[in-house]
Structure formats: C-alpha cells, structure tokens
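Asker: Dropping a structure here in structure tokens format, bear with me for questions.
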Amino acid sequence: MSNPQAPYAVVPSMGPDGVGKTTLAGALAHSLYARAPATVTPPRSVQVSGMNVGVFEFRTARRLYQYVDFENAEVEARLLASSPVAGGVLLVSAQDGIVRATDESLKRAREAGVPRLVGVLSKCDAVDDPEMLDLVEMTLRDRMQRYEYPESSPVVRVSAAGAMRGDPRWRDCLPRLLDALDSWL
Ligand SMILES: Nc1nc2c(ncn2[C@@H]2O[C@H](COP(=O)(O)OP(=O)(O)OP(=O)(O)O)[C@@H](O)[C@H]2O)c(=O)[nH]1
Ligand SMILES: [Mg+2]
C-alpha cells in the first residue's frame, strides 16, 4: 500500500442515513480488490473520539486515499469539523432525491471547509425513468451550487448494489467515481 510519493487524501462520504454510504464503501473496496488487490486495504471499523467510523485505504495512479464511512449523520456532524479532508463524496438517493439531511450535510461541509465535493446519485438501479434521474441530478447540482460548490462539480450515477452483483449496466460506475475523485479533488 505505501507509496511515500503519492499525496494523501482523506475523503469522507456524506449524506442521509440509509442513502447507501456503507454499501458504496463496500462495493468500492470490493471492486478495487478485484482489479488490483495490492492497492486496497480491507474496510475496518476504527474508534475516533469514542465513535465508530468505517475506513479503508486505496491507491490510484494519482493519490493514496483514506475513504471514510461515518456510521450515521450524528457521527458525521461531530467528526467532520475536526479533521481536514481533501474533499467529500455527497450521496443523494436517486429514489428519494434531496432530503433535509442532504442540506444539513452540505451546510456542514461548507462550514467545515470541505474544499470540493463529488456528487453521487446512489441506488440508480432502483429508478427506471431516465427523466427522473436527470431531475434528481439537476436538483443536486443546483443544491451544491447554493452552498458554493461549483457547477462543474462531477456527479456520478451509481448503483453499488448493481456493481456488486456484476450487473453489466453498472460495471463502470465505480471506476467512474474513482476518476472523478482523481480529477476533481
Ligand atoms: N436498490 C439499491 N439499494 C441499495 C443500494 N445501495 C444501498 N442500498 C440499500 O439501501 C439501504 C441502506 O444502505 P446503507 O449502505 O446501509 O446506507 P448508509 O448510508 O450506510 O446508512 P447509515 O449508515 O444508516 O447512514 C440498504 O437496505 C441497502 O441494501 C443500491 O445501489 N441499490
Ligand atoms: Mg452506513
């Protein structure tokens, strides 16, 4: 894993309870392991200030990442402000769209000085209507801008469940997310 040359980036995933953060973290680790086992550590739970946080590390050509999965919104709220991060992944469920907790995550990210966000539309497999996906994506982009995250921020459509199943429609969504992290953060 270690590559002293690579810049180190801590990247928390954020968003409402149940939006799919832990499933995405698992799918991401699984997909990295399947491609190149030496580039990723197994997800594990660590205690930070008495709270459980899921973490794993992985390496791309660009950086060494520590990906952080907060157990719930309260842990997100308490820990986000306390550690500097390279950027965040903000999940919005394609099924549910923006909810109040999405705004709370955006507000926290802004206040904690999270410099950039990559948007993720999660659970895209659960929505058949492409216009619905467009609408949720548009709303997410609009909301990110409201919190001064630029219009050009990437938004990636993901089905962590589909990727884990090996569904060909979703095979590429996790590599696309990694590319977005590499290029945007
Ligand atoms: N259809 C579908 N369901 C998903 C997907 N990802 C997660 N889910 C389901 O959504 C529910 C919540 O997923 P989690 O990954 O636990 O969500 P979370 O954001 O970690 O939730 P908290 O830790 O409670 O904040 C579970 O029932 C998952 O099976 C997906 O890609 N597609
Ligand atoms: Mg979780």
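Asker: Counting just the residues of segment 61-74 that are touching a residue at least 24 places away in the same chain (Cβ under 8 Å) and surrounded by fewer than 20 Cβ atoms within 10 Å (Cβ to Cβ), which one comes out nearest to GLU148 (Cα to Cα)?
Answerer: The extreme case among them is ALA73.
Asker: Answer yes or no: is there a residue in segment 83-94 that is within 13 Å of ligand 1 (Cβ to nearest atom), part of a helix (DSSP H, G or I), under 25 Å from SER152 (Cα atoms) and not charged (D, E, K, R). Please lay out each step first, then the result.
Answerer: Step one: list which residues in segment 83-94 are within 13 Å of ligand 1 (Cβ to nearest atom), which gives 89-94.
Of the ones still in play, those that are also part of a helix (DSSP H, G or I) are none.
Checked against the condition, which is being within 13 Å of ligand 1 (Cβ to nearest atom), part of a helix (DSSP H, G or I), under 25 Å from SER152 (Cα atoms) and not charged (D, E, K, R), segment 83-94 yields no hits at all.
Asker: Here is a follow-up. What are the residues in segment 128-172 that are touching a Leu at 6+ places or on another chain (Cβ under 7 Å) and either modelled with pLDDT under 95 or small (Gly, Ala, Ser) (or both), if any?
Answerer: Of everything in segment 128-172, those that are touching a Leu at 6+ places or on another chain (Cβ under 7 Å) and either modelled with pLDDT under 95 or small (Gly, Ala, Ser) (or both) turn out to be SER153, ALA160, ALA163.
Asker: Does GLU137 satisfy being of a type in the set (Asp, Glu), surrounded by fewer than 17 Cβ atoms within 10 Å (Cβ to Cβ) and more than 12 Å from the chain's Cα centre (by Cα)?
Answerer: no
Asker: GLU131 fails exactly one of the following numbered conditions: (1) surrounded by fewer than 19 Cβ atoms within 10 Å (Cβ to Cβ); (2) within 12 Å of the chain's Cα centre (by Cα). What is the number of that condition?
Answerer: Unmet condition: (2).
Asker: For the structure I just gave you, tell me whether ASP125 is at pLDDT 95 or above, outside any helix (DSSP H, G or I), closer than 19 Å to ARG157 by Cβ and not aromatic (Phe, Trp, Tyr).
Answerer: The answer is no for ASP125.
Asker: Do we find that GLN47 is free of Cβ contacts under 8 Å to residues at least 40 places away in the same chain, more than 28 Å from ASP134 (Cα to Cα), assigned to a strand (DSSP E or B) and of a type outside the set (A, V, I, L, M) in this structure?
Answerer: On the way: free of Cβ contacts under 8 Å to residues at least 40 places away in the same chain: yes; more than 28 Å from ASP134 (Cα to Cα): yes; assigned to a strand (DSSP E or B): yes; of a type outside the set (A, V, I, L, M): yes.
Spelling it out, GLN47 is indeed free of Cβ contacts under 8 Å to residues at least 40 places away in the same chain, more than 28 Å from ASP134 (Cα to Cα), assigned to a strand (DSSP E or B) and of a type outside the set (A, V, I, L, M).
Asker: Looking at (1) more than 19 Å from ALA112 (Cβ to Cβ); (2) within 14 Å of ligand 1 (Cβ to nearest atom); (3) surrounded by 12 or more Cβ atoms within 10 Å (Cβ to Cβ); (4) of a type outside the set (Asp, Glu), which is the one condition that is false for SER45?
Answerer: (3)
Asker: Let me ask something else. Kindly establish whether ALA29 is closer than 21 Å to LEU121 by Cα and modelled with pLDDT of 95 or more.
Answerer: yes
Asker: While we're on this one: Does ALA34 satisfy the condition of being aliphatic (A, V, I, L, M), part of a loop (DSSP other than H, G, I, E, B), modelled with pLDDT under 95 and closer than 19 Å to PRO175 by Cα?
Answerer: Against the criterion (aliphatic (A, V, I, L, M), part of a loop (DSSP other than H, G, I, E, B), modelled with pLDDT under 95 and closer than 19 Å to PRO175 by Cα), ALA34 does not qualify.
The values are calculated or read from the model by the stated rules, or taken from the named source; none is laboratory data. From a predicted model like this one, the values you see are computed outputs, not experimental measurements. Methodologically, a virtual Cβ is constructed for each residue, glycine included, from the backbone with ideal geometry; neighbour enumeration extends over all protein chains shown.
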